[in-house]
Amino acid sequence: MIKVLPNLIPKTKFGLAFSGGVDSVVFSHFLKQGRKDFDLYFFNHGDDNDSEALQLAREWSKELGVELFTNTAIEPLEPSEGVWREARYKWLESFDTPILTGHNLEDIVSGYTMFWIKGQEKFIPVKRNNILRPFLLTSKQDILEYARKYNLCWNEEEYNHDVSYARVRVVKNILPEIYKINPGFDKIVKDRFEDKLKREGWL
């Protein structure tokens, strides 16, 4: 089941950050099923994987009957998580409209783990300027089940399997070892996150 944080999906027209991956495909389909008025925003990093993802984005936007926005000026970027992330946010934050992202519970758990490794205890924020993250309590399993239910197709992003990136190492290597020791680790993180959401008035 897709879980949505209350009052985070605008009642007027908004955008959805679209990568072509399973998360953004599922959430765009979910929003269209709910008759929401939105457009897709695709940030092109200029690599080969984005060429395929952009083609999918064009085809998917036509199928949904929504407009697709993408950056026309593509600058060579250092293949770094931080550099790519900040470039994406800089572009998304250049728009006046609210833009939703597909961050979900897997991102909360992996992000919490990343911050903890760095000596911090914090979570991905629900809101960043015009960026809203309404799907943070939706599990990856529910996302994949939704995709299978509606026979959705998506682009498998290569960097999601590249362990040269710290985030991928956390998901692929560190979290599986944590789950061997504590199978309920994700539930602990989820409970702490929900407590934070309640304190901040999001729930």
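What to note about this one:
- Residue pairs whose Cβ atoms lie under 6 Å apart, separated by 6 or more positions or on different chains, with the first residue in the stretch 1-28 and under 23 Å from residue 153 (Cβ atoms) and the second of a type in the set (S, T, N, Q) and outside any loop (DSSP other than H, G, I, E, B), are 16/28; 18/24.
- From 151, 130, residue being farther than 17 Å from residue 17 by Cα and without any contact (Cβ under 8 Å) to a residue 40 or more places away in the chain: 151
- Criterion (of a type outside the set (Ser, Thr, Tyr), under 20 Å from residue 57 (Cβ atoms) and modelled with pLDDT of 95 or more) met by exactly one of 75, 93: 93
Yes/no per residue for (1) over 27 Å from residue 15 (Cβ atoms); (2) touching a residue at least 60 places away in the same chain (Cβ under 8 Å); (3) β-branched (Val, Ile, Thr):
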position: 167; (1), (2), (3): no, yes, no
position: 171; (1), (2), (3): no, yes, yes
position: 182; (1), (2), (3): yes, no, no
position: 202; (1), (2), (3): no, yes, no
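- Check on residue 71, farther than 27 Å from residue 186 by Cα and in contact with a helix residue (DSSP H, G or I) (Cβ under 8 Å, 6 or more places away or on another chain): yes
- Filter pass, residue 52 being without any contact (Cβ under 8 Å) to a residue 60 or more places away in the chain and of a type in the set (D, E, K, R): no
- Of the residues making up the stretch 81-115, those that are of a type outside the set (A, V, I, L, M), free of Cβ contacts under 8 Å to residues at least 24 places away in the same chain and either loosely packed, with under 13 Cβ neighbours inside 10 Å or within 19 Å of residue 203 (Cα to Cα) (or both) are 82, 85, 86, 90, 94.
- Scanning the stretch 137-192 for residues that are of a type in the set (D, E, K, R), modelled with pLDDT under 95, closer than 16 Å to residue 111 by Cα and open to solvent by less than 80 Å² (accessible area, probe 1.4 Å) turns up just one, 167.
The values are calculated or read from the model by the stated rules, or taken from the named source; none is laboratory data. Worth saying up front: this structure is predicted, and the values here are computed from it rather than measured. Here Cβ is always computed from backbone atoms with ideal geometry, including for glycine, and neighbour counts include all displayed protein chains. For accessibility, only protein heavy atoms count, side chains too; no ligands or nucleic acids. Shrake-Rupley method; radii C 1.70, N 1.55, O 1.52, S 1.80 Å.
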